[in-house]
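Notes for the one structure printed next.
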Amino acid sequence: MYSIPSVIYISTKYSLFDKNDMHRKTHQRNISRLGGVAIVASFTITTLLFSTLVNFEEANFLITSCIILAGLGLKDDVHGSNTSTKFILQLLVAVILVFFGGFRLSSLYGVLGIWDMPLFWGGIFSVILIIFLNNAFNLIDGVDGLAGSIGIIANLIFGVLFALMHQLPYAFIAFSLAGAIGGFLKYNWYPAKIFMGDTGALIIGLVTAALAIKFIELNKVTGDNTPLILSAPAIAVSILIVPIFDSLRIFTVRVLKGKSPFTGDRNHIHHRLERLGLKPPYIIFATAGLNLCMVALGLLIRHLGNFFLIFFILGLCLLLDFFLFYRLRKIGR
């Protein structure tokens, strides 16, 4: 919160702005995209101090991955970077987390008929999942305060669940990120004075993905482990439903239209709510409300199992999407 004014000052002094030259942008003035620098610095310092006190070595791999990804995001926010460079570095940090840091899924809990997975295939799936969530948070960063608000909600929920599970190191990581985003959100709320840029969005996606994987693994049903939370994969999906559903939907629509899934457009859920006349704060309240409702629903009916619960939650979101489509078509937008 205290570092953001300095970032804004440096951005103004050296003209480090989003130049408003992309058709997807809606703001009308020069605004710095370097807010993610403050998020990364705050989160890194806090996590390093804590991990040193409790000798939590897994945090070292997480921080290493964050620093690499922050470098990529910073270059992209200032000068831009090509798609291949982005993919290679995202792949690198995902491999570090999965195969060195231990953030790897070993089972899908019967979803799609898959149970325990060998080290290699579990690792590959985890790498793909981390890269997907990395970009998913980046994709929802299109309205003032939206990505930050969803990031806070997801990490606060993960933090509380980890605390209830007596997994305090992971709870601390989640709360540290939520706090870092909270300080930034004061200046990113509509009308935004600064954006988090790729630096912030990629870090939020990376850390949240790592926590989701660890949450699922720590609630795995084994002979010597009775999980606190049943249907952990479905609960993780409900916590991350906004970036997950929006990314799956947008990629599917683009492919069906014969376009590259990585081609930018203004067809995200927040863009559609915007066309319905909602201002950014109300878009955030709507998406945050959806997020919290899905988490509450998931926790209430978690006894029904992962397969049913995941597709039930996605089905409800699909119905909501059809409703938005109908409303937009009715008013001719």
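The values are calculated or read from the model by the stated rules, or taken from the named source; none is laboratory data. The model shown is predicted, which means the values in this text are computed figures rather than measured ones. All Cβ positions, glycine included, derive from the backbone under ideal geometry; neighbour counts span all protein chains shown. Accessible surface areas use protein heavy atoms only, side chains included; no ligands, DNA or RNA. Shrake-Rupley method; radii C 1.70, N 1.55, O 1.52, S 1.80 Å.
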- prompt: Given the residues 168, 230, which is the only one that is surrounded by fewer than 24 Cβ atoms within 10 Å (Cβ to Cβ), of a type in the set (A, V, I, L, M, F, W, C) and touching a helix residue (DSSP H, G or I) at 6+ places or on another chain (Cβ under 6 Å)?
  reply: 230
task: Output the qualifying pairs, or none if there are none: Cβ atoms under 8 angstrom, residues six or more apart or on different chains, first residue in region 296-315 and under 19 Å from residue 228 (Cβ atoms) and assigned to a helix (DSSP H, G or I), second residue open to solvent by 70 Å² or more (accessible area, probe 1.4 Å) and of a type outside the set (D, E, K, R).
output: 302/230; 303/230; 304/312
task: Show the residue pairs that are 6+ apart or on different chains and have beta-carbon atoms under 6 Å apart, the first residue being within region 117-130 and touching a residue at least 60 places away in the same chain (Cβ under 8 Å) and within 13 Å of residue 102 (Cα to Cα), the second being in a loop (DSSP other than H, G, I, E, B) and open to solvent by less than 80 Å² (accessible area, probe 1.4 Å).
output: 126/104; 126/105
statement: Cβ pairs under 7 Å, 6+ apart or interchain, first in region 94-116 and farther than 12 Å from residue 233 by Cβ, second basic (Lys, Arg) and buried (at least 17 other Cβ atoms within 10 Å of the Cβ), ordered by first then second residue, are 98/104; 103/214
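Any residue at all in region 69-84 that is β-branched (Val, Ile, Thr) and under 20 Å from residue 214 (Cβ atoms)?
No: zero hits.
Could you grab me the full set of residues in region 135-183 that are in a helix (DSSP H, G or I), of a type in the set (Gly, Ala, Ser), farther than 27 Å from residue 53 by Cβ and touching a Ser or Thr at 6+ places or on another chain (Cβ under 9 Å)?
136, 149
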message: Here are the criteria: (1) under 30 Å from residue 91 (Cβ atoms); (2) open to solvent by 50 Å² or more (accessible area, probe 1.4 Å). Tell me which single one residue 302 does not satisfy.
response: (1)
- request: Please indicate, with yes or no, whether at least one residue in region 236-259 is surrounded by fewer than 22 Cβ atoms within 10 Å (Cβ to Cβ), in contact with a Lys or Arg (Cβ under 8 Å, 6 or more places away or on another chain) and among the hydroxyl-bearing types (Ser, Thr, Tyr).
  value: no
field: Options 249, 302, 329, 275: the member that is among the basic types (Lys, Arg) and within 21 Å of the chain's Cα centre (by Cα)
entry: 249
- line: Residues of region 1-15 being at pLDDT 90 or above, open to solvent by less than 70 Å² (accessible area, probe 1.4 Å) and in a loop (DSSP other than H, G, I, E, B), in sequence order, are 3
task: Scan region 202-214 and give yes if some residue there is out of contact with any Gly (no Cβ under 6 Å at 6 or more places or on another chain), farther than 26 Å from residue 69 by Cα and assigned to a helix (DSSP H, G or I), otherwise no.
output: no
query: So residue 285 clears everything in (1) open to solvent by 70 Å² or more (accessible area, probe 1.4 Å); (2) not in a helix (DSSP H, G or I) except one condition, right? Which one?
result: (2)
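Of the residues 149, 81, only one is without any contact (Cβ under 8 Å) to a residue 12 or more places away in the chain and buried (at least 16 other Cβ atoms within 10 Å of the Cβ); which?
Numbers: 149 fails: without any contact (Cβ under 8 Å) to a residue 12 or more places away in the chain.
Only one candidate qualifies: 81.
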message: I'd like the residue in region 248-299 that is in contact with a Ser or Thr (Cβ under 6 Å, 6 or more places away or on another chain) and of a type in the set (A, V, I, L, M, F, W, C) and, out of all such residues, is nearest to residue 157 (Cα to Cα).
response: 295
query: Among (1) more than 29 Å from residue 8 (Cα to Cα); (2) assigned to a helix (DSSP H, G or I); (3) basic (Lys, Arg), where does residue 186 come up short?
result: (1)
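Which residues, counting only those in region 247-279, are in a loop (DSSP other than H, G, I, E, B), among the basic types (Lys, Arg) and modelled with pLDDT of 90 or more?
At the first step, the residues of region 247-279 found to be in a loop (DSSP other than H, G, I, E, B) are 257-268, 276-279.
From what's left, among the basic types (Lys, Arg): 257, 259, 266, 279.
Across region 247-279, the qualifying residue is only 279.
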message: Which count do you get for residues in region 119-139 that are open to solvent by 50 Å² or more (accessible area, probe 1.4 Å) and among the β-branched types (Val, Ile, Thr)?
response: 2
